[in-house]
Amino acid sequence: MSSWAYLLTAGVVSWVVKAIYNLYFHPLSRYPGSKVAAVSSSWWEWYWNYYHNGRLLFEVERLHQQHGPVIRIGVNDLHVSDMAVYQDITKVNTNFTKDPHFYQFISFPGTSIGETNPAKHRVRRKVLTPALSGTRIQELAPLIEAKTIQLLGRFDESNASGSPVCVTAAAKAFTMDIISKIVLGQELGCLTRPDFRSELSDNLNAAFETGWIGPSFPNVSAVAMWSCANMTEKYLKRFGPGCQTNGQAGPATQEELRPLTVSTGRGERSAVIDMLMDPKAVKGHSLPTLEELSDELAMLLTAGSDTSSNAIISGIYYVCHHTNIYQTLLDELKEAFPSLGTDITYENARKLTYLQAVVKETLRLGHPLPGRLPRKVPAEGYTLYGHHLPPGVNIHTSAYILNRHADIWDRPNDFDPTRWLSEDAATLDKQLTTFGRGARQCLGKEYVFRPACCHRSFPRAMLTFGLKLGFMRVVGSLRQPLSPLPSDAYP
Ligand code: HEM
């Protein structure tokens, strides 16, 4: 036998021995689930997420229905469908941490989302909090109003020319323009483009798409993530020549970044960059290099735009598909804002209980970040239903599954805003997992709930097009030409 044949045989034998160990002797072997995943989660994930186009979560749901609240979905990975466990592993001061292996495929190390070291994460979170606070977002209300009017103007143009409009692309452009203003200090201008796209947002999307194949082809994923950071870095460099010098040097030149952060060179400011480049922002904060800055900005652009636009698209979809809900919402809006000239502010809109309920229900069922989000069992181990789990095991949970858990939600798959008007609403609110919980919960939550998408754009869109064009019917099928409803549709 040649040495190659020996090597090959040894490789196959070692793989088989490992597979047998993983299946029958591994500490997780007691758990039911996917046998393929227990041997190699990479190919299992590739099969469901890539070959079957992102259907892994549905397979996880099916396995839970078959086997109960705990299933094995990887060599070292369990998926749990139990609110008590979710709350335990995500509570403030938990010793569970993010799994670096998983997060390298969907984020950058060291960023607000990707940092897995709790102490370092605390500092980064503190630095960013003021830049994404409710107060800061409130200051951006005029921008959001202007963007909403611009978006609706595009729909008007489509109506006038009888051409179709892709509401998905439009919603993504709307949120990307707002988020880029918050994060970069200037809009990408997607809403002004005929196809609602920009080079930077296209590249960010393309790079993060590879998250689907990340676990199976880590190198491809790494190249995509690198190119994604590179794109943002290139974009940052356009801000001014000072930035280019800064990016290539060490601590001495980091101070030079200060002028850049105060102004992007066009008289605009980014509170996010300002905070990140302020050495005194928070104790323990060290100035990021240009590369680290790009990483954080790329993460924030992606975290903030895709999630919010998906929420808007889901909201439109659900309201369109429930005539009674649509009518109730429209009635409430018409009463609160009798004419389009009425000032649609967050303060006014938040008093509308049915609108609030529609927003909440959209966030429950639309779950822009459906899952799964793994947490690593700490050094002391963890007891799950009476069984000890060793350190290093990952416990995954998913908003898609918990937000539809039959133990918590009555008729879980029904889009029913009235559940948020019941006496149980406060209790239900504590069970909503859309934004995560604890120290790692979403930092942009305020942005979503405050004046942004939901409370300004939604009412204005409904009133403008509900009254003039039958907006909801138009977007019901996402690629239909805009056309007015019969004149008697809205008395
Ligand atoms: C409907 C919209 C949104 C949803 C559903 C959402 C959901 C989430 C979830 C579930 C997490 C936890 C992720 C994890 O555990 O790995 C998260 C984290 C985060 N989100 Fe959001 N998000 C939304 C919008 C935004 C916006 C607009 C921003 C602002 C730029 C933002 C910034 C962040 C950041 C910085 C984190 C990391 C927080 C940390 O670990 O300290 N998100 N988000």
Cα centroid separation, the range 152-184 to the range 269-328 (Å): 17 Å
Approximate spin-label separation Thr418-Ala19, in nm, with each point projected 7 Å along Cα-to-Cβ: 5.4 nm
Packing rank of 200-206, 137-143, where each peptide gets the mean count of other beta carbons within 10 Å, highest leading: 200-206, 137-143
FRET efficiency, 1/(1 + (r/R0)^6) with R0 22 Å, evaluated for Leu428 and Thr353 via beta carbons: 0.90
So, counting K/R as plus one and D/E as minus one, what does the shell of residues with Cβ under 15 Å around Arg55 add up to? -1
Explain nothing, just the number: relative contact order of the range 20-166, from Cα pairs under 8 Å at least 6 residues apart, as a whole percent. 13 percent
Cβ-placed point charges (K, R +1; D, E -1), dipole of the range 1-71 about Cα centre in debye, nearest 20: 120 debye
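Rounding to the nearest 20 debye, state how big the charge dipole of the range 268-372 is about its Cα centre with +1 on each Lys and Arg Cβ and -1 on each Asp and Glu Cβ.
Approximately 400 debye in magnitude.
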Potential extension, Lys445-Ala10 segment - 0.36 nm per residue separation minus Cα distance: 151.4 nm
Order these by the 10 Å Cβ neighbour count, fewest first: Ser29, Ser81. Ser29, Ser81
Long-range HN-HN contacts of Ile73 with modeled amide H, under 5 Å: Leu78, His79
Positive-end extreme of charge dipole, the range 1-126 - chosen from Ser81, Trp43, Phe102 (charges on Cβ): Phe102
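No value in this document is a laboratory result; all are computed from the given coordinates. Being a predicted model, the structure only gives us computed values, none of them experimental. Please note: Cβ atoms are built from the backbone with ideal geometry, for glycine as well, and neighbour counts cover all protein chains shown.
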